[in-house]
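The values are calculated or read from the model by the stated rules, or taken from the named source; none is laboratory data. Just so you know, these numbers come straight off a predicted model, no measurement behind them. Cβ: placed from backbone, ideal geometry, glycine included. Neighbour counts: every protein chain shown. Ligands, DNA and RNA are stripped out before the accessible areas are found, and what is left, the full protein with its side chains, is counted by its heavy atoms. Shrake-Rupley method; radii C 1.70, N 1.55, O 1.52, S 1.80 Å.
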Amino acid sequence: MSDSHYKGESTRGGKWGCAVASLFGIPVFMLATLVASLGDCMPDIKCHPGFWLEVILPTAFVATPIGLGVRWLLNRRSNDDS
């Protein structure tokens, strides 16, 4: 098989991007979960918008750009070195 075929291995930037995104995403997730659990609601009144809006989306909005940015920077740098 020649070298021009797809090998299916992940890039250095992808690995580092996931690692850095998790370093930022895990604390944001924990803090958002803590903040979402604080407060007292009146009986029979829904006062929290839900786990997705309070925890998952803020975590994704923080971790995704960081991970993709690190991936892009490292892959661009390794392509320039070649």
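Restricting the first member to segment 60-77 and to residues that are open to solvent by 70 Å² or more (accessible area, probe 1.4 Å), and the second to residues that are of a type in the set (V, I, T) and not in a helix (DSSP H, G or I), the beta-carbon pairs closer than 9 Å and six or more apart or on different chains are R71/T11.
Considering each residue of segment 38-53 in turn, at least one proves to be of a type in the set (K, R) and without any contact (Cβ under 8 Å) to a residue 12 or more places away in the chain. L57: surrounded by 12 or more Cβ atoms within 10 Å (Cβ to Cβ) and within 25 Å of S10 (Cβ to Cβ), yes or no? Answer is no for this residue.
Here G39 meets the list (1) open to solvent by less than 100 Å² (accessible area, probe 1.4 Å); (2) at pLDDT 80 or above almost entirely, failing just condition (2).
Quick check on my filter: what residues within segment 22-53 are out of contact with any Ser or Thr (no Cβ under 7 Å at 6 or more places or on another chain) and either within 24 Å of V70 (Cβ to Cβ) or among the β-branched types (V, I, T) (or both)? Those that are out of contact with any Ser or Thr (no Cβ under 7 Å at 6 or more places or on another chain) and either within 24 Å of V70 (Cβ to Cβ) or among the β-branched types (V, I, T) (or both): S22, L23, F24, I26, P27, M30, L31, T33, V35, I45. When you scan segment 16-33, do you find a residue that is surrounded by fewer than 16 Cβ atoms within 10 Å (Cβ to Cβ) and in contact with a Cys (Cβ under 6 Å, 6 or more places away or on another chain), even just one? No - not one qualifying residue is present in segment 16-33.
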